[in-house]
Amino acid sequence: MKKIGLFYNFNTNKTSRIANKIKEVFEQQGKYEIIPVNVDENLTEEQFMQFDHMLLGAATWMDGELPYYWDEFVPAMEDLDMKGKNIAIFGLGNQVNGTENFQDAMGLLGFLLEKRGAKLFGLTSTDGYTFEKSFGVKDNKFIGLSIDLENQAGLSNERIEAWVKQLIEEDF
Ligand SMILES: Cc1cc2nc3c(=O)[nH]c(=O)nc-3n(C[C@H](O)[C@H](O)[C@H](O)COP(=O)(O)O)c2cc1C
């Protein structure tokens with residue numbers, strides 16, 4: 001069984017819902033053990049570094065910011081050696097109300113970890129989304145999975161299923 005760490009804040013409603021669905025879809029394959037880790041003020045570098053395969057969940061908050069629970073961990077991440085770490089990010093955002101900063105959290109986490117040596121998996125097309133600007137996009141692709149529960153909730157399950165399939169094909 002391949003062990004994958006699933007990092008998100010357990011007290012969130014929407015992010016938790018998406019995390020649970022991702023866990024369920026991975027586990028249907030019968031080859032993966034998904035281990036949830038709560039991202040809060042008690043998250044340690046040791047907990048963060050215990051997996052080589054990591055799923056990270058982050059909603060974008062307040063005009064393009066990371067939620068406080070990730071933001072507090074940024075200084076620690078800036079010193080981590082992430083070489084050999086496979087990262088896949090799922091972001092939650094609102095492409096209507098947050099159109100100038102859609103899914104920025106994905107970029108704030110992803111580009112930082114990439115700079116520290118991590119490899120990003122599960123980049124996805126921006127087709128099917130309408131927004132002005134995003135720090136979560138590179139070369140016309142989101143650098144992870146983009147979920148919008150406010151405007152496109154009905155597409156979430158199929159997006160998650162396609163993303164997990166893609167990650168498996170990419171040998172994440
Ligand atoms: C105060 C507030 C500010 C937000 N700002 C943004 C934003 O700048 N960009 C974006 O893509 N989404 C933004 N959103 C949308 C959230 O990312 C979205 O509602 C998400 O599902 C929240 O997930 P959570 O409840 O698990 O934190 C904002 C939501 C709120 C309530």
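The values are calculated or read from the model by the stated rules, or taken from the named source; none is laboratory data. Computed from a prediction, not measured in an experiment: that's the story for all the values here. Cβ coordinates were reconstructed from backbone atoms using ideal geometry, including for glycine residues, and neighbour counts include every protein chain displayed. Heads up: the accessible areas ignore ligands, DNA and RNA and are worked out on the full protein's heavy atoms, side chains in. Shrake-Rupley method; radii C 1.70, N 1.55, O 1.52, S 1.80 Å.
What number of residues in segment 77-107 are within 13 Å of the ligand (Cβ to nearest atom) and part of a helix (DSSP H, G or I)? Walk me through how you get there before you give the answer.
Residues of segment 77-107 within 13 Å of the ligand (Cβ to nearest atom): 90-107.
After this cut, where a residue has to be part of a helix (DSSP H, G or I) as well, the list is 104-107.
Of the residues in segment 77-107, 4 are within 13 Å of the ligand (Cβ to nearest atom) and part of a helix (DSSP H, G or I).
From the list Gly144, Gly128, exactly one residue is away from the ligand (no atom under 11 Å from the Cβ), in contact with a helix residue (DSSP H, G or I) (Cβ under 8 Å, 6 or more places away or on another chain) and open to solvent by 30 Å² or more (accessible area, probe 1.4 Å). Which is it?
Numbers: Gly144 fails: open to solvent by 30 Å² or more (accessible area, probe 1.4 Å).
It is Gly128.
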Over segment 42-76, the set of residues closer than 26 Å to Gly98 by Cα and more than 16 Å from the ligand (Cβ to nearest atom) is Val74, Pro75
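Quick one: is Ile34 in contact (Cβ under 8 Å) with a residue 40 or more places away in the chain and assigned to a strand (DSSP E or B)?
no
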Scanning segment 5-31 for residues that are touching a residue at least 60 places away in the same chain (Cβ under 8 Å) and among the aliphatic types (A, V, I, L, M), which turns out surrounded by the fewest Cβ atoms within 10 Å (Cβ to Cβ)? Val25
Inter-residue pairs, beta-carbon under 8 Å, first on the phi > 0 side of the Ramachandran plot and in segment 62-77, second open to solvent by 10 Å² or more (accessible area, probe 1.4 Å) and within 10 Å of the ligand (Cβ to nearest atom), 6+ apart: Asp63/Gly98; Asp63/Glu100; Asp63/Asn101; Gly64/Gly98; Gly64/Glu100; Gly64/Asn101; Gly64/Asp104; Gly64/Phe135
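Would you confirm, using the coordinates I've provided, whether Lys115 is within 11 Å of the ligand (Cβ to nearest atom) and among the charged types (D, E, K, R)?
Working: within 11 Å of the ligand (Cβ to nearest atom): no; among the charged types (D, E, K, R): yes.
The answer is no for Lys115.
Looking at Gly110, Gly154, which one is within 15 Å of the ligand (Cβ to nearest atom), outside any loop (DSSP other than H, G, I, E, B) and surrounded by 24 or more Cβ atoms within 10 Å (Cβ to Cβ)? Reasoning before the result, please.
On the way: Gly154 fails: surrounded by 24 or more Cβ atoms within 10 Å (Cβ to Cβ).
Unique residue meeting the criteria: Gly110.
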